[in-house]
Amino acid sequence: MGSFDLPHSSSFKGGSEIFLRNVFENILKTYLKKNPTAKTIWELVQSLDNEKICYDHFTFRTLNVDGYGIDSLSSFFMAYGYKIGGGLDFPKKKLRVLWFSPPDVHVPNDGHGLGNGPLPRLVIAEVLVDELSLESQGIIRKYLKPEGGKQAVLSSTLGSLIWEKPTWTDFKQLAKESEFAAWTLIHGYTMNHLAFAVHRFKHRFSDIKFVKQHLEEKGFKLNSDGEILKVSQDGLLFQVSSISERLPVTFADGVTETIPASYIEFTQRQVLPEFKDVPLDEIKEFHRREAFELDNANHVMESTRFTTKF
């Protein structure tokens with residue numbers, strides 16, 4: 001899944017670049033192991049260009065209670081050079097999102113993958129638990145013990161819950177108010193989704209419209225909330241995401257039910273108007289549309305929508 005024999009490795013405050021890349025590699029392995037459909041799509045993309053793929057962002061979900069929120073993950077990555085790029089608020093979903101830009105590291109001209117390619121942006125969401133009903137707050141707080149969030153990164157690499165697995169009864173009740181919170185309570189810090197950087201592909205998938213068509217022809221279910229191809233208001237950010245497959249989970253009370261797992265996304269960032277005359281072979285990431293779009297993100301989140309009526 002990529003080599004860590006880097007031709008160049010820069011060091012920065014907080015530790016080594018190779019270690020950071022290794023952490024990402026293990027987060028990716030856990031995500032692919034837990035999500036068969038996402039893995040199939042990942043392998044399809046990888047096969048088209050001999051593993052020369054790059055990632056736009058890795059996304060996680062957290063619960064803003066007792067040290068389990070955004071900071072529980074971001075503090076680790078910020079120690080390795082990540083910086084806050086911006087934020088998005090979703091009042092109706094009772095969510096807050098921060099995204100983080102990666103440190104400036106050396107990337108060879110043909111750098112790709114997690115071994116020697118550009119580091120992904122990070123997107124970390126948190127449920128604003130204090131804004132939920134007292135009943136939902138009680139369910140969440142029953143499982144999340146103080147200080148446990150310090151193990152967030154380890155939990156993400158292993159794909160294991162820090163807290164006790166919830167009962168189906170509690171999960172079902174929480175999902176009535178917040179599917180996002182229920183998803184997080186059962187999946188924990190496992191990566192919610194990754195996004196390929198379509199604009200970095202060298203093959204047919206460098207056109208997100210072709211990506212959409214190809215995935216549809218292969219029979220993959222795509223998120224149609226707000227249209228399948230989601231376009232920012234300025235027309236410079238395009239996103240397509242799959243629908244999370246439903247996988248069986250056995251809850252703490254012995255009940256086994258199928259619930260949404262993770263999904264996979266494709267993101268294409270267009271060149272900003274002020275850089276339209278820069279030669280294509282000289283275009284860097286800073287020449288392209290940065291940040292995220294509120295409406296796009298709101299629709300993409302629906303990739304884990306629960307279809308079962310509780």
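The values are calculated or read from the model by the stated rules, or taken from the named source; none is laboratory data. Model, not experiment: these values are computed from the prediction. Note that we place each Cβ from the backbone using ideal geometry, even for glycine, and neighbour counts take in every protein chain shown. Accessible surface is based on the protein model in full, side chains and every heavy atom, while ligands, DNA and RNA are left aside. Shrake-Rupley method; radii C 1.70, N 1.55, O 1.52, S 1.80 Å.
Of note:
- Of the residues making up segment 138-152, at least one is assigned to a loop (DSSP other than H, G, I, E, B), at negative phi and buried (at least 17 other Cβ atoms within 10 Å of the Cβ).
- Beta carbons closer than 6 Å, at least 6 apart along the sequence or on distinct chains, pair a first residue in segment 131-158 that is within 16 Å of residue 67 (Cα to Cα) with a second that is of a type outside the set (D, E, K, R) and in a helix (DSSP H, G or I) for 137/129; 140/129; 149/72; 152/72; 152/73; 153/76; 156/27.
- Among the residues of segment 69-99, the one identified as in contact with a Gly (Cβ under 6 Å, 6 or more places away or on another chain) and open to solvent by 30 Å² or more (accessible area, probe 1.4 Å) is 79.
- Per the conditions (1) within 22 Å of residue 296 (Cα to Cα); (2) touching a helix residue (DSSP H, G or I) at 6+ places or on another chain (Cβ under 9 Å), the sole criterion not satisfied by residue 107 is (1).
- Members of segment 168-210 that are in contact with a His (Cβ under 8 Å, 6 or more places away or on another chain) and either open to solvent by less than 10 Å² (accessible area, probe 1.4 Å) or of a type in the set (A, V, I, L, M) (or both): 194, 195, 205
- Scanning segment 258-276 for residues that are surrounded by fewer than 16 Cβ atoms within 10 Å (Cβ to Cβ) and out of contact with any His (no Cβ under 7 Å at 6 or more places or on another chain) turns up 258, 273, 274, 276.
- Contacts under 7 angstrom Cβ, first residue in segment 89-105 being modelled with pLDDT under 95, partner assigned to a strand (DSSP E or B), 6 or more apart: 103/12
- Flag if residue 247 is more than 29 Å from residue 161 (Cβ to Cβ), hydrophobic (A, V, I, L, M, F, W, C) and surrounded by 12 or more Cβ atoms within 10 Å (Cβ to Cβ): no
- Checking each residue in segment 187-209 for being of a type outside the set (Val, Ile, Thr) and part of a helix (DSSP H, G or I) picks out 187, 199, 200, 204, 205, 206, 209.
- Enumeration of residues in segment 58-68 that are of a type outside the set (S, T, N, Q) and either open to solvent by 10 Å² or more (accessible area, probe 1.4 Å) or at positive phi (or both): 66, 67
- Within segment 210-230, the set of residues being in a loop (DSSP other than H, G, I, E, B) and either in contact with a Pro (Cβ under 7 Å, 6 or more places away or on another chain) or basic (Lys, Arg) (or both) comprises 218, 221.
- Qualifying residue in segment 48-56 (condition: open to solvent by less than 20 Å² (accessible area, probe 1.4 Å) and acidic (Asp, Glu)): yes
- Here is the figure for segment 41-70: residues that are touching an Asp or Glu at 6+ places or on another chain (Cβ under 9 Å) and either free of Cβ contacts under 8 Å to residues at least 60 places away in the same chain or under 24 Å from residue 162 (Cβ atoms) (or both) total 12.
- Strands (runs of 3 or more DSSP E) wholly inside segment 16-105 that include at least 3 residues being among the small types (Gly, Ala, Ser): 83-90
- For segment 229-259, a residue qualifies if it is touching an Asp or Glu at 6+ places or on another chain (Cβ under 8 Å), over 18 Å from residue 123 (Cβ atoms) and not polar (S, T, N, Q), and the qualifying residues are 248, 249, 251, 252.
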